[in-house]
1. Quick one: Cα convex hull volume of the range 1-89, Å³ per residue?
2. Quick check: net charge around GLY157, other residues with Cβ under 11 Å of its Cβ, Lys/Arg +1 and Asp/Glu -1?
3. With the full set of protein chains in place, find how many percent of the accessible area of the chain is carbon and sulfur; take the probe as 1.4 Å.
4. Gain in length, ASN143 to ARG46, computed as 0.36 nm per residue apart minus the alpha-carbon separation, to one decimal in nm?
5. Please give the charge dipole size of the range 7-46, origin at the Cα centre, charges +1 on K and R Cβ atoms and -1 on D and E Cβ atoms. Round to the nearest 20 debye.
6. Modelling each spin label as a point 7 Å along the Cα-to-Cβ direction, I'd like the ARG97/TYR33 distance in nm, to one decimal.
7. Given the pairs LYS57/LYS147; LYS69/LYS119; LYS57/LYS168; LYS147/LYS168; LYS147/LYS169, which span a C-alpha to C-alpha distance of over 27 angstrom in this model?
8. Taking the Cα centre of the chain as origin, work out the dipole magnitude from +1 charges on Lys and Arg Cβ and -1 charges on Asp and Glu Cβ, in debye rounded to 20.
Amino acid sequence: MSSSKDTKTKRPSWDETGMNTAIEWARRSVCLYHQIGCAFLTKDHRVAATGYNGPPKGVIHCTDVGCAKDGGKACRGAHAEMNAIMNCAGAPTEVLRGSTLYITQTPCNQCMKQLANLKITRVVFGKIYKRHKRKGEEGQAINQEFKDTLNQARAAGIEVDQYNTRTKKAKRIA
């Protein structure tokens with residue numbers, strides 16, 4: 001007979017579980033440039049909401065007709081965080097308060113403002129978001145956009161950690 005030590009497997013951490021959930025949801029994205037997924041986990045580690053970036057229901061997918069930005073128009077898609085908030089079962093301001101957002105790329109500055117309003121406590125991200133520009137659009141400095149997002153998080157008291165998929169560890173950056 002084997003001992004209980006022999007049959008136990010190493011369980012993933014909550015950060016690993018949250019990021020794996022976000023990565024899986026990112027696979028649903030129809031954006032040609034960014035496949036972003038996210039998951040909100042409550043204080044007691046329950047999945048409260050998930051989302052991915054893409055156009056609203058009934059709007060044509062970029063995979064079918066190309067990226068609107070490539071034609072000089074506004075993006076058809078909604079951000080993963082906004083879709084997750086809309087998909088939240090219950091009142092998002094109550095359900096998501098105090099939660100952790102796991103997301104494959106950093107929230108943009110506008111989304112961070114919404115996350116601050118929800119009073120989430122932590123964001124764990126994989127990569128730094130690099131906005132795809134419209135045709136002919138002057139580029140905003142990526143580093144400045146990222147700094148603005150981090151400043152927004154700090155002002156709201158939101159901890160920000162970057163997750164390393166190789167080491168399966170999150171490191172505090174703000």
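1. Dividing the Cα hull volume of the range 1-89 by its residue count gives 141 Å³.
2. Values: positive: LYS119, ARG122, ARG154; negative: GLU159.
Around GLY157, the surrounding residues sum to +2.
3. With neighbouring chains kept in place, the figure for the chain is 50 percent.
4. Difference between extended and current length: 31.6 nm.
5. Details: 7 positive and 4 negative charges, 35 e Å.
The calculation lands at about 160 debye.
6. If labels sit at ARG97 and TYR33, their model points lie 3.7 nm apart.
7. Correct reply: LYS57/LYS147; LYS69/LYS119; LYS57/LYS168.
8. Details: 29 positive and 15 negative charges, 65 e Å.
So the magnitude is around 320 debye.
The values are calculated or read from the model by the stated rules, or taken from the named source; none is laboratory data. Just so you know, these numbers come straight off a predicted model, no measurement behind them. So basically every Cβ, Gly included, is an ideal-geometry build from the backbone, and we count neighbours across all protein chains shown. Heads up: the accessible areas ignore ligands, DNA and RNA and are worked out on the full protein's heavy atoms, side chains in. Shrake-Rupley method; radii C 1.70, N 1.55, O 1.52, S 1.80 Å.
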